[in-house]
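A short reminder: the numbers here are calculations on the coordinates, not readings from a lab. Bear in mind that the values here come from a model prediction, so they are computed numbers and not experimental data. So basically every Cβ, Gly included, is an ideal-geometry build from the backbone, and we count neighbours across all protein chains shown.
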Amino acid sequence: MAEKLLEVRNLKKYFKVKNGYLHAVDNVNFFINKGETLGVVGESGCGKSTTGRVVLRLLEATDGEILFEGKNIRTFNKSQLRDLRKEMQIVFQDPYASLNPRMTVSEIIAEPLLIHKLVKNKQELDKKVASLMSTVGLAERLYNAYPHELDGGRRQRIGIARALAVNPKFIVCDEPVSALDVSIQAQILNLMQDLQEEFGLTYMFITHDLSVVKHISDNIAVMYLGQLVELAPAKELFKNPLHPYTKALLSAIPVPSIKHKKERILLKGEITSPINPQPGCRFAKRCPHATDACTKQDSTLREISPGHFVACDCLEVIK
Amino acid sequence: MIKMTETQASVPTTPKKRSIWLEVFRRMSKNKMAMFGLAIIIILVLTAVFADVIAPYEEVAIKQNLAQRLQGPSAKHWLGTDEFGRDIFARLVHGARVSLKVGIVAVGISILIGGTLGAVAGYYGGKIDNVIMRAMDIFLAIPSILLAIAIVSALGPSLFNLMLAIGISSVPSYARIVRASVLSLRDQEFIEAARAIGASDFRIVTKHIVPNALAPVIVQGTLGVAGAILSTAGLSFIGLGIQPPAPEWGSMLSGGRAYLRYAWHVTTFPGLLIMITILALNLLGDGLRDALDPKLKQ
């Protein structure tokens, strides 16, 4: 079995809101093996991005353990955290908002190198920045350009170069292609796969685009309202989805064929409020198979077949 | 797998880093009113710098000559003489020194104090924000000219106290402006990105937040210089500002008001100059505001 790089146990992140606590991430468990990609999917507001940020400690978790290379990083102090930033990086969703408009391309890429004092002098810095730019496919002439002069794809390349600058092992990709044109999406996805091969990177790839996640992931985690409902190898998940929510989600992928008649599972009912949720399966209100028992107690994540985890208590009934 | 690279990568030289401020100037240069304002400000600054060359201070601007008092404009005294026979043109030239100095230093003081307080309040939020901003609200409830009068009367009238008083009295407006822009910047992704690469709070504030929050402060500062000059003139008019015989626009205005009926020029010219300066600064400020707004990109 491959070595686990990151493992998350009972992770919780609650936000205090006016009338209670918003359970953004509620009791999430998963792990990512070294060199692999975990795709995290789910509808907007289900806590995918929050999970990514909590894992990086950009947000502090409410409870749970985050084990990176076996060490619980939730207990890290400031200087340990600073060193951890060299290991774990993030690529953001919106390449228009994630780059400082007053800094040039080279200044943005050089910043992590300067913060962690990874270069000794100006020449070395210039050389390193130039090599990073060529790694992500940015032309040398853009060295002193400002982000607003570039298109979305090139900006996202800057974001990737900035993340790569510190030579990380693990990168959280928070919907890195959803703000881009379809043609550019492919370029960026290919670039990210190439980089993964070249540097042996491990990705946590957050997206709501199922075709993207299928293309890039080894394992896929499906989230619903802050909880993990299904975790399985990518192929297995698409071939044999078990959780009713996953089934509905997969049935929504458009198939580019006129003859193809696919039965879409349409979900009825309203999304349960994530603020002070009642015990019971979060999906019960919309689930076509829900029973009384589902609304009474939380469903637990079980391993159905090797590597395939599902959080649904009435799985046997559905079959 | 295809690795996409830039097609124009063969261009040999990388362009020089262009300053954002040069870009702003280029955009502003299309605005005629703003350039008019800028021209007047430049002339005033040059006048202030070379005041001693234009008119010697001791002999012309200060020395009284009662035989020539209250003369109208002539070839010898372009703008006439005041009630002590001093050349009004020369006094206006030297007054520019005081006015510009007070205007710039006072605004500098308020930007420094107000900007720091606003940045701290906006960045840390919560209790710190509440304490700072409520204190600012209390300040705002006092009319700023009244506050300036109170500070000057407490500390005694001197050039530095004047600058300090005017500066402090406009601290709250800068604190509010900076806090508002910091608040909107704080949740931007590039700030989070900076935190993700391990940047310290200090670095985030100085390298990422302040440069992006500067534009509205510069606009307000330009308009603020006009306000400070006006306040100086006002305080000098009531005798709390620059003390005679030093030439200052406001005190010149005040000195001439007794002779308004038969020597119109004594008050008219300082008044006109104050008006033109304020107008120029306001035009420049408006032009800067438009040029700094990225949404108006041409």
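Data overview
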{"item": "Fraction of antiparallel bridges per DSSP, chain A only, in percent to nearest 5", "result": "65 percent"}
{"item": "Chain lengthening between residue B:52 and residue B:243 when straightened (0.36 nm per residue, less Cα-Cα)", "result": "66.8 nm"}
{"item": "Modelled FRET efficiency - R0 22 Å, residue B:257 with residue B:66, Cβ distances, 0.05 increments", "result": "0.70"}
{"item": "Mean ellipticity per residue at 222 nm, deg cm²/dmol - from DSSP H runs of n ≥ 4 across chain B, formula -39500 (n - 2.57)", "result": "-22000 deg cm²/dmol"}
{"item": "For the stretch B:35-105, the spread of Cα positions along each principal axis, largest first, Å", "result": "41, 23, 19"}
{"item": "Alpha-carbon Rg/Rh ratio, for chain A, with Rh computed the Kirkwood way", "result": "0.99"}
{"item": "Full-stretch length increase - residue B:43, residue B:279 - with 0.36 nm per residue and alpha-carbon distance subtracted", "result": "83.6 nm"}
{"item": "Estimated vicinal HN-Hα couplings, Hz - the stretch B:134-151 in sequence order (Karplus 6.51, -1.76, 1.60; Gly, Pro = x)", "result": "5, 4, 5, 4, 4, 4, 5, 6, 8, x, 5, 5, 5, 4, 4, 4, 4, 5"}
{"item": "Proximal charge balance of residue B:57 [Cβ under 12 Å; K/R count +1, D/E count -1]", "result": "0"}
{"item": "Along each principal axis, Cα extent of the stretch A:187-280, largest first, Å", "result": "46, 42, 22"}
{"item": "R0 of 51 Å, Cβ-Cβ distance residue A:31-residue B:154: FRET efficiency to nearest 0.05", "result": "0.15"}
{"item": "Highest-MSF residue in chain B out of B:220, B:68, B:188 [GNM, Cα springs under 10 Å]", "result": "B:188"}
{"item": "Cα-based Rg of the stretch A:66-201 normalised by 2.2 N^0.38 Å, two decimals", "result": "1.05"}
{"item": "Inter-probe distance in nm under a simple model that places probes 7 Å from Cα toward Cβ, at residue A:273 and residue B:75", "result": "8.9 nm"}
{"item": "Neighbour-count ranking [beta-carbon atoms within 10 angstrom, fewest first] of A:173, A:312", "result": "A:312, A:173"}
{"item": "Reference-scaled alpha-carbon Rg (2.2 N^0.38 Å with N residues) for chain B", "result": "1.25"}
{"item": "Packing-based exposure ordering (other Cβ within 10 Å, fewest first) of A:188, B:42, B:278, A:275", "result": "B:42, A:275, B:278, A:188"}
{"item": "Shielding by partners, peptide A:129-142 (average Cβ within 10 angstrom, other chains)", "result": "3"}
{"item": "Value of Rg/Rh across the stretch A:63-134 [Cα atoms, Kirkwood radius]", "result": "1.05"}
{"item": "Paramagnetic label zone (point 7 Å from Cα along Cα-to-C-beta, residue B:141; backbone N under 17 Å) in the stretch B:165-189", "result": "B:172-173"}
{"item": "Residue A:259/residue A:236 FRET efficiency (R0 30 Å; Cβ-Cβ; nearest 0.05)", "result": "0.65"}
{"item": "Local electrostatic count, residue B:159, Cβ distance below 13 Å [Lys/Arg +1, Asp/Glu -1]", "result": "+1"}
{"item": "Violating pairs (Cα-Cα greater than 31 angstrom) within the set A:120/A:214; A:122/B:127; A:117/A:235; A:18/A:86; A:48/A:296", "result": "A:120/A:214; A:122/B:127; A:117/A:235; A:18/A:86"}
{"item": "Size descriptor, Kirkwood hydrodynamic radius, that averages inverse alpha-carbon separations across the protein assembly as shown, Å", "result": "29.0 Å"}
{"item": "Most to least packed among A:235-241, A:198-204 [average Cβ atoms within 10 Å]", "result": "A:198-204, A:235-241"}
{"item": "Estimated dipole of the protein assembly as shown in Debye, rounded to 20 [Cβ of Lys and Arg +1, of Asp and Glu -1, Cα centre]", "result": "420 debye"}
{"item": "Gained length - residue A:315 relative to residue A:19, 0.36 nm times residue gap less alpha-carbon distance", "result": "103.2 nm"}
{"item": "Dimensionless Rg over Rh [the stretch B:100-145; C-alpha; Kirkwood]", "result": "1.07"}
{"item": "Pair residue A:144, residue A:128: separation of 7 Å Cα→Cβ label points (nm)", "result": "2.2 nm"}
{"item": "Kirkwood hydrodynamic radius over Cα pairs of the stretch B:46-176, then Stokes diffusion coefficient at 20 °C and 1.002 mPa s, in µm²/s", "result": "124 µm²/s"}
